[in-house]
1. Name every residue in region 3-27 that is within 18 Å of residue 84 (Cα to Cα), surrounded by 13 or more Cβ atoms within 10 Å (Cβ to Cβ) and either at pLDDT 90 or above or among the polar types (S, T, N, Q) (or both), in order of residue number.
2. What number of residues in region 66-77 are modelled with pLDDT of 90 or more and touching a helix residue (DSSP H, G or I) at 6+ places or on another chain (Cβ under 6 Å)?
3. What pairs come out if I take residues in region 43-60 that are among the acidic types (Asp, Glu) and pair them with residues that are assigned to a strand (DSSP E or B) and open to solvent by less than 50 Å² (accessible area, probe 1.4 Å) whose C-beta lies under 6 Å away, six or more apart or interchain?
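The values are calculated or read from the model by the stated rules, or taken from the named source; none is laboratory data. Predicted model only: the values in this text are computed from it and were never measured. For neighbour counting, all protein chains shown are included, and Cβ atoms are generated from backbone atoms with ideal geometry for every residue, glycine included. Note: accessible area is taken over every heavy atom of the protein model, side chains too, but ligands, DNA and RNA are not part of it. Shrake-Rupley method; radii C 1.70, N 1.55, O 1.52, S 1.80 Å.
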Amino acid sequence: MAVLSSRPGPLIVYVDDERGNRVVFEQSLNAEFNLLAVSNAGEALDAIERFEVAVVVSDMRMPSMSGEELLRIVKERHPQVIRMVVTAYADVDPILRAINEGLVARYIVKPWIRTELVQVLRWAIEAWRFSRDSAALHRRLLETERLAMLGSIAGMLVHDLKQPLMSLLVNVEHLRELASASPILRDALLQAPIPSAQRARLLELVDDLDPVTSDLRTSGLHLSELISGLRDLGRPRDPRMPVAATDPLPIVRHAMTVCQELAIPARASIGYEGPGELPRVRMPATELTQVLINVVANGAQAVAARGTPHGRVSIVARPDADMLEFQIRDDGVGMAPDVLSRVGTPFFTTRPDGTGLGLAQCQRLIGTAGGRLRIESERGIGTTVTIILPTAA
């Protein structure tokens, strides 16, 4: 077992199976903090049982028990301990999983910089002190940190996503050229000496070229705007910029197409009920797309979860004076009152693969646009999400 440092103050336990890393950590930080460096998860758990530990900082990749497993045990047995990981950029997947599950409050990227690490550890000790004064304040503080961490990871990935996306959009443009030639292809197929069944199948594929290519292009441009939005998150928005005026109907139809795949397993349908033309709304197209895809996808998943065939998700649009109201109704599983009361809280989710950020993001985007979001649900009956947006002058 490693020896405790003689410095007073809350104890920080550092876990790393590589001795060199432990020596560097101790020598760099011993003057600032009360440290205990250990070589494996078992020693870390033993230390938490024996001493009052404020912070656990763990490497992710260790033999016998990984950092992720260790942090999960610490969270279950000692939730007041602030949990952090030291990781490399290549470990993004386990870090995201750890953030989503609330296993970590912060992550530290190798090679770390001493001044930054000192600030992070000071923050962790203060957060631990908060936990002794107010459990609710402690929980809120950690939720805020999780959002900040997800933002920093998103920024890290933006650059890597942009290049393959540009390649995708270039190839979609080539597909659009092919789609524009579909009448010529159709005529050639009608005259070609091939079996009728093959001709029918080929004609079906040719007819699908144009709508499929259009959906691909719309999705690619939407993704490009999302990435640009992530890149610009840290930049202040110019208040002199004109407010976007977006035609919502093409976005409604795109959301229906994107989410239809989720309804297929339950043989459910997604439909639109409303006028053939809608007033433009004061919300950027990218953000409206995010909102509608999120809400319609939730409805389709709720219908599929019910397991009854021929369920339906309806998107109902009603213009009213200077507002446009959407109601997204589903006859899915619905929600109990205790679940409904927590919907929209960051990181709250009822799905194993969910992050709990979709509806929270929808609320933020709708509120920023000057709109309102309301959710009504009954267990076993279904859910109605009402979105009210200001129309553009």
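1. Narrowing region 3-27 to residues within 18 Å of residue 84 (Cα to Cα): 10-18, 21-22, 24-26.
From what is left, the residues that are surrounded by 13 or more Cβ atoms within 10 Å (Cβ to Cβ) are 10-17, 21-22, 24-26.
Within region 3-27, 11, 12, 13, 14, 15, 16, 17, 21, 22, 24, 25, 26 meet the criteria.
2. Qualifying residue count, region 66-77: 1.
3. What qualifies is 59/86.
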